[in-house]
């Protein structure tokens, strides 16, 4: 009897884990696709850190949560900002100096782990977000991989296949138990 109760709880636990995994990954992928490639949670964009320029505060392979901004001119020295460096390159660095002129605001930025400031100043219009300190180490590697074609297979299709396989196994086991009950019931009737 104890074995049956334990197996029932193990069955529920495995089913729950597989379902949560499948729903979580599907949610991340859906959020990424709907927001144009940037997953969002509670108004924060999740960015993958691909360099060590901000170590040790932000490790390579981490994900960081950045708050999108419409006004890139409101930041001050020592704020950490995310800005467009080129068309497809976003950088998160600390403001080393604020330069105000008649043409607007520009920032001299520097990675915490870099020896020198960035060579090009950042104009306020290129600032897309600010970083407030929320980071999860190493998860960025997983998210970056999940957005690749191979990652889609591993994180979406594989959990689905595991869920189907586990369901088939559960049904097969239940049918076996019913068959055993029928056999024992027939044997008792004779």
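The values are calculated or read from the model by the stated rules, or taken from the named source; none is laboratory data. Owing to the predicted nature of the structure, the values given are computational and were not obtained by experimental measurement. Virtual Cβ from ideal backbone geometry, glycine too; neighbours counted across all protein chains shown.
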Exercise for the section: May I ask you to verify whether residue 27 is at pLDDT below 75, exposed (fewer than 15 other Cβ atoms within 10 Å of the Cβ) and not in a helix (DSSP H, G or I)? Expected result: no
Handout entry: Test for residue 123: is it surrounded by 15 or more Cβ atoms within 10 Å (Cβ to Cβ) and at pLDDT below 90
Key = yes
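Residue check: is residue 116 exposed (fewer than 11 other Cβ atoms within 10 Å of the Cβ), without any contact (Cβ under 8 Å) to a residue 12 or more places away in the chain and in the same structural domain as residue 7 (by TED's automatic domain parsing)?
Numbers: exposed (fewer than 11 other Cβ atoms within 10 Å of the Cβ): yes; without any contact (Cβ under 8 Å) to a residue 12 or more places away in the chain: yes; in the same structural domain as residue 7 (by TED's automatic domain parsing): no.
For residue 116, the condition - exposed (fewer than 11 other Cβ atoms within 10 Å of the Cβ), without any contact (Cβ under 8 Å) to a residue 12 or more places away in the chain and in the same structural domain as residue 7 (by TED's automatic domain parsing) - is not met.
Could you list all residues from segment 100-147 that are touching a helix residue (DSSP H, G or I) at 6+ places or on another chain (Cβ under 9 Å) and more than 15 Å from residue 82 (Cβ to Cβ)?
Initially, segment 100-147 is screened for residues touching a helix residue (DSSP H, G or I) at 6+ places or on another chain (Cβ under 9 Å), giving 104-107, 142-147.
Once the filter is applied, which keeps residues that are touching a helix residue (DSSP H, G or I) at 6+ places or on another chain (Cβ under 9 Å) and more than 15 Å from residue 82 (Cβ to Cβ), segment 100-147 yields 104, 105, 106, 142, 143, 144, 145, 146, 147.
Looking for whichever is in contact with a helix residue (DSSP H, G or I) (Cβ under 6 Å, 6 or more places away or on another chain) and surrounded by fewer than 20 Cβ atoms within 10 Å (Cβ to Cβ) here; the options are 73, 51. Which one fits? Spell out how you get there, then give the answer.
Details: 51 fails: in contact with a helix residue (DSSP H, G or I) (Cβ under 6 Å, 6 or more places away or on another chain).
When all the criteria are applied, what remains is 73.
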Fill in the blank from the handout: Sole miss for residue 60 among (1) within 16 Å of residue 135 (Cβ to Cβ); (2) in a strand (DSSP E or B) is condition (2)
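Name the single residue that is nearest to the chain's Cα centre (by Cα) among those in segment 9-24 being over 24 Å from residue 154 (Cβ atoms) and at pLDDT 80 or above. Even if it seems obvious, please write down each step before you answer.
Residues of segment 9-24 that are over 24 Å from residue 154 (Cβ atoms), as a first pass: 9-12.
When the remaining residues are screened for being at pLDDT 80 or above, the result is 9-10, 12.
Numbers: 9: 29, 10: 28, 12: 26 Å.
For segment 9-24, the residue satisfying everything is 12.
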Exercise for the section: With the condition kept exactly as written, say whether any residue in segment 120-130 is under 15 Å from residue 49 (Cα atoms) and touching a strand residue (DSSP E or B) at 6+ places or on another chain (Cβ under 6 Å). Expected result: yes
Practice task
Any residue in segment 44-72 that's assigned by TED's automatic domain parsing to the domain that holds residue 93 and on the phi > 0 side of the Ramachandran plot: show its pairings with residues that are at pLDDT 85 or above and surrounded by 14 or more Cβ atoms within 10 Å (Cβ to Cβ) at Cβ separation under 9 Å, as long as the two are six or more apart or on different chains.
Solution key: 61/49
Exercise for the section: Test each condition in (1) part of a loop (DSSP other than H, G, I, E, B); (2) modelled with pLDDT under 90; (3) farther than 21 Å from residue 51 by Cα for residue 77 and report the one that comes out false. Expected result: (2)
Practice task
Could you list, in sequence order, all residues of segment 129-170 that are surrounded by fewer than 16 Cβ atoms within 10 Å (Cβ to Cβ) and in a strand (DSSP E or B)?
Solution key: 132, 133, 134, 136
